[in-house]
Amino acid sequence: MKSLLFFLFILLLSACTGTAGFQQQNSNAQAVIDTEGLIAFWDFKHMGDSTWDSYQDPQLPLKSFPLQLKRIGDINSYSTETWPYADTPIEFDQSGPFGKAIKLDRGYLYGAVERKAFDKSLLDLHGKKPFTMIAWLKFYGTRHLVAGIWDEGGWNKYAGRRQAALFAGLFGQKGVIAHISATGASSYPQSTIDGAQYARLRAIDGQAFEDEHWIAMAMTFDPDKAEVVAYLNGVMTPLLLSDPVTQDVYQYQEEQVANPFHFPHPIYSPQAFVLKYNGYDLKRDGISEHRLHVDLIDKTLTYEQDPEEAVDSTKLRLFFDIKRQGKSLLAAPLVIEGIHGQSIALPTDLRIQFQDEVSSWLESKRNGNWEQIGTLIAHQLSEGAPFTFGRALGLGTEDIEHGSQLYLDGLAVFNRVLKAEELKGLSFPKEQAFSRRFSGQ
């Protein structure tokens, strides 16, 4: 009799625990939904027409962004009902803060919102617009991209469609990585050392985290402060770090601040981006960066250099052209004087199309002669990258083995910088402990 009563007590306790856990998971989701400035929140429960729909702030001019499943090498998108790959079954974990985390596995199974579904919307994270991105997840294997708009462009120094994304496992670090890009391509093409083909602009949180534990990763971009910050469970842990490529470019002797990270540039957009020139170095030329801000929307070109008042006895000029099928769209290449802040206008009647090619080169006057510095930059205009989950695109080769292995329980993007107390509140640390305790973890 005592055994029977004990068994019934355990069943009742389990039922109460399950009900309480379910209610808490719903409460967690509602807390995200009710947070001001929500652009999109996917919790893998909110279904639309065979896709996962996103929640959004009703005060914003938004619609849902459908999330579908993908596999590298297959151009099609799938739902849970149409997923055709038996070797990678769709699996869920119910122990997280929202109760239905999908298992993502590198290029075998990842998620994507197609570009056409969010292009030029608030989810298109570009320019100098503030945002916050939060992901609730646990890794079970390889760490790489968690979520964001990030196409590597095959690691060609002048190709790529990188905007902003959450990562882990890069640069030998075990914390949250908040990646951001102004060029869409290599951050420092002027460097010739190994690693210069990659994007290097990122905040890295100083607190490591383990696999098989639910965490909340977050990043914020504050254009007013020119700052990107990485958070783990709502806490920003400062970090100093030496990066070999930035040291090569700027000749730093000391470690640099990696969290928070200084980022004064606009985020890459397919029609407004930064070009960086190569073929020079700080010791020889006194300049660590030559940049050209290309804005094909406002039709302006603006030159910048670091330092802004470099000691440089040479004169500089830049050339800019746009070609379509090999033929220039300009009467002649535009010439820009190499003075920091110098800006010129593109023709107002210029009409740009995808597949047009932007080209530019830098010249220096030495011994009375103009000489080209570095290589001609050729950048083909293309539509922006999709918003992907668990897998970055354009990784040199489309190796299906590359990518992240994680359970993703939710992803949210906001159109503002959330305060520290908001991030802590939305990390749900108590609920994570609750979920682990009653799921046998």
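Just checking, how many residues over the stretch 220-259 are within 22 Å of residue 195 (Cβ to Cβ) and of a type outside the set (Val, Ile, Thr)? If you could, list the steps in order and put the result at the bottom.
Our first condition is that a residue be within 22 Å of residue 195 (Cβ to Cβ); within the stretch 220-259, this holds for 228, 230, 239-259.
After this cut, where a residue has to be of a type outside the set (Val, Ile, Thr) as well, the list is 230, 239-244, 247-248, 250-256, 258-259.
Selection size over the stretch 220-259: 18.
Tell me, please, whether a residue that is part of a loop (DSSP other than H, G, I, E, B) and loosely packed, with under 13 Cβ neighbours inside 10 Å can be found in the stretch 310-321.
Looking only at the stretch 310-321, we keep the residues that are part of a loop (DSSP other than H, G, I, E, B), and these are 310-314.
Right, trim to loosely packed, with under 13 Cβ neighbours inside 10 Å and you get 311, 313.
For the stretch 310-321, residues part of a loop (DSSP other than H, G, I, E, B) and loosely packed, with under 13 Cβ neighbours inside 10 Å: present.
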Problem set entry | Index of the failed condition, residue 132 passing every other in (1) under 14 Å from the mean Cα position of the chain (by Cα); (2) farther than 23 Å from residue 398 by Cβ; (3) assigned to a loop (DSSP other than H, G, I, E, B) | (3)
Exercise. Scanning for something under 30 Å from residue 114 (Cβ atoms), touching a strand residue (DSSP E or B) at 6+ places or on another chain (Cβ under 8 Å) and not assigned by TED's automatic domain parsing to the domain that holds residue 105, does the stretch 286-293 turn up at least one residue?
Worked result: yes
Problem set entry | Flag for residue 300 being more than 30 Å from residue 230 (Cα to Cα), at pLDDT below 95 and of a type in the set (S, T, N, Q) | no
Problem set entry | Of residues in the stretch 135-166 being part of a loop (DSSP other than H, G, I, E, B) and of a type in the set (Gly, Ala, Ser), the one nearest to residue 234 (Cα to Cα) | 141
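Could you pull out the residue among 120, 128, 138 that is charged (D, E, K, R), touching a residue at least 12 places away in the same chain (Cβ under 8 Å), surrounded by fewer than 24 Cβ atoms within 10 Å (Cβ to Cβ) and closer than 17 Å to residue 266 by Cβ?
When all the criteria are applied, what remains is 128.
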Exercise. Looking at this structure, is residue 261 among the aromatic types (Phe, Trp, Tyr) and closer than 29 Å to residue 229 by Cβ?
Worked result: yes
Problem set entry | Scan of the stretch 393-419 for residues that are within 19 Å of residue 30 (Cβ to Cβ) and among the small types (Gly, Ala, Ser), ordered by number | 410, 412
For this session: May I ask you to verify whether residue 30 is surrounded by fewer than 13 Cβ atoms within 10 Å (Cβ to Cβ) and closer than 30 Å to residue 265 by Cα?
Result: no
Problem set entry | For residue 393: the one exception among (1) at pLDDT 95 or above; (2) touching a strand residue (DSSP E or B) at 6+ places or on another chain (Cβ under 9 Å); (3) not assigned by TED's automatic domain parsing to the domain that holds residue 122 | (3)
Problem set entry | Options 209, 221: the member that is among the aromatic types (Phe, Trp, Tyr), at pLDDT 95 or above, surrounded by 20 or more Cβ atoms within 10 Å (Cβ to Cβ) and within 22 Å of the chain's Cα centre (by Cα) | 221
Seminar exercise, completed: Among strands (runs of 3 or more DSSP E) entirely inside the stretch 233-298, those with 3 or more residues being surrounded by fewer than 20 Cβ atoms within 10 Å (Cβ to Cβ) are 289-295
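The values are calculated or read from the model by the stated rules, or taken from the named source; none is laboratory data. Since the structure is predicted, the reported quantities are computational estimates derived from the model, not experimental observations. Quick reminder, even Gly has a Cβ in these numbers, built from the backbone with ideal geometry, and neighbours come from all protein chains shown.
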